[in-house]
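The structure that follows is given in the form of structure tokens.
What follows draws every value from the coordinates through simple rules; no lab data is involved. Since this is a predicted model, take the numbers as computed values, not measurements. For neighbour counting, all protein chains shown are included, and Cβ atoms are generated from backbone atoms with ideal geometry for every residue, glycine included.
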Amino acid sequence: MSQHTDRTEDVMSNKNDGGKRSARERMQAERAKQEAAARKRRQLTVILAALVVIAAAVVIGIVVQNGRSSSYNAAADAPAGTVGNTRLLIPVGGTTAPSTVTIYEDPRCPACEQFETGMKSTINQLLAQGKIQIQYHIASFIDRHDGGKGSKNAANALACAQNVGLFHNYHDVLYANQPDETNDAWADKTILISLAKQVPGLDSPAFESCVNNNTYGSWVTAVQSDFDKSGYNSTPTVLLNGTSAYSTYNGEDISPANFTKWVDTANKGKPLASIPSASAQALASPTAHNNLPASAGAGHS
Amino acid sequence: MVAWIGTAVRIGLAVVWAWAGLAKISDPQAAAQAVRVYRILPESLVKPFGYGLPFLELALALLLLVGLGTRIAAVISGVLLLVYIGSIASVWARGISIDCGCFGGGGAVAASKTQYWQEILRDCGFLLLSGWLIWRPKTRLSLDGWLTA
């Protein structure tokens, strides 16, 4: 009996215990579930916060950088005498010349200096004969590659010279005095100004303030941006009537003789431009500004 | 111990992203050109990516540095690195010669000056760091740890 009773009590107490335990377990399970849910919420909040930080940074970044990229207005910001849709090109020579030579050059580019040193007498002769006109794109990407400001400063100074009609002479003086590519000498604007003294009539208070104030900075940026989008990716890029002529044209290497031949072939049967005889003589003279001896920097590539 | 390794990995990856991002913000035009020369995106998307990617990198650097949302930051880092590796491989396969512009610079270079192998290997190294943090996002000295304590 007592056994029975005991057993009954046992069963009963067991039942009771089981009931309590399952209630406790339920509570624990419920609490765990709530904690898991809370943890999940915290995790989601953290992820959301991280995504918000990222999205905000990207949006702010795009807006800020958009605002910083200079706005270029062709009518107000281009130097006088520039041509093209947005006035990014500097023309040299008679505009009625039958062949157009397009030249992309960076002031700090050593290969451009070699091209100029090797070809400028020929090119100046062809200009003087009215056979070609040149359209210069003054790029300034070497500042990015090698660091520095020399290309941009020089490009701006060239624009200042263009504004007073002395681009070509100054261009030739700069290439004749080009520093080594990795030497950012033209970060110092006084050097650009002192080189301008080699071009009669160029150095003036207006020119100096143009160089010092980076007056054509937004034009310089716009020209480089145009070069970036052109698909051409090195300087010098030289086109003869739109066809690449550097360093080969129709399978022939560029040389003074070949270049003259290519131009003559392209010009066959077309009238030449007439240019004032004084400027023609100046261009053709071997002692002209543009026929200075090669600089010490030549040969570096 | 694992949590401390995680802290080192997290800060290491943060430094990489900060360096990469900062190097690209001073010249927006150069950053856009670095994107353009991959010849993957249409011109209309070149500037948004060129301008925006450095700030994405800086945001990841910030999140990793303070340890906020470490796992999601590591996941995004990993995806970004896979995109970079894929882009470099694509350029390489198409025979285009560029600098990856990973840490500033970028643009066309002479064919002899490309460094695709090194660039991809380097990014794979960074990918390993991201992988570690995806696997073990709990690290010491993190906002995550403090917020969920």
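If you keep only loop residues by DSSP, which trypsin sites (Lys or Arg not before Pro) in region B:61-149 have at most 13 other Cβ atoms within 10 Å of their Cβ?
Passing sites in region B:61-149 are B:Arg94.
Under a plain spin-label model, where a point goes 7 Å from the Cα along Cα-to-Cβ, how far apart in nm are A:Asp264 and A:Ala76?
A separation of 5.1 nm, rounded to one decimal place.
Could you tell me the calculated FRET efficiency between A:Ser209 and A:Ala49, based on Cβ-Cβ distance and R0 = 41 angstrom, to the nearest 0.05?
0.20
Hey, another quick one. Counting other beta carbons within 10 Å of each residue's own, what order do A:Arg24, A:Arg108 fall into, fewest first?
So the residues, fewest neighbours to most, are A:Arg24, A:Arg108.
How much mean residue ellipticity at 222 nm does chain B get from its helices, if each DSSP H run of length 4 or more adds -39500 (n - 2.57) and you divide by all residues, to the nearest 500 deg cm²/dmol?
-24000 deg cm²/dmol
Mean separation of Cα pairs under 8 Å and 6+ residues apart, divided by the residue count of chain B: what relative contact order is that in percent?
35 percent
To the nearest 0.05, how large is the calculated FRET efficiency for B:Leu147 and B:Ile5 if R₀ is 22 Å and r is the Cβ-Cβ distance?
0.55
Divide by every residue of chain A the summed helix terms, -39500 (n - 2.57) for each DSSP H run of at least 4, and state the resulting mean residue ellipticity at 222 nm, rounded to the nearest 500 deg cm²/dmol.
-18500 deg cm²/dmol
Let me ask you something else. Give me A:Lys20, A:Lys189, A:Lys131 ranked fewest to most by other Cβ atoms within 10 Å of their Cβ, as a rough exposure proxy.
A:Lys20, A:Lys189, A:Lys131
Please compute the average number of Cβ atoms from other chains found within 10 Å of each residue's Cβ in peptide A:166-178.
Going residue by residue through A:166-178 and averaging, the value is 0.
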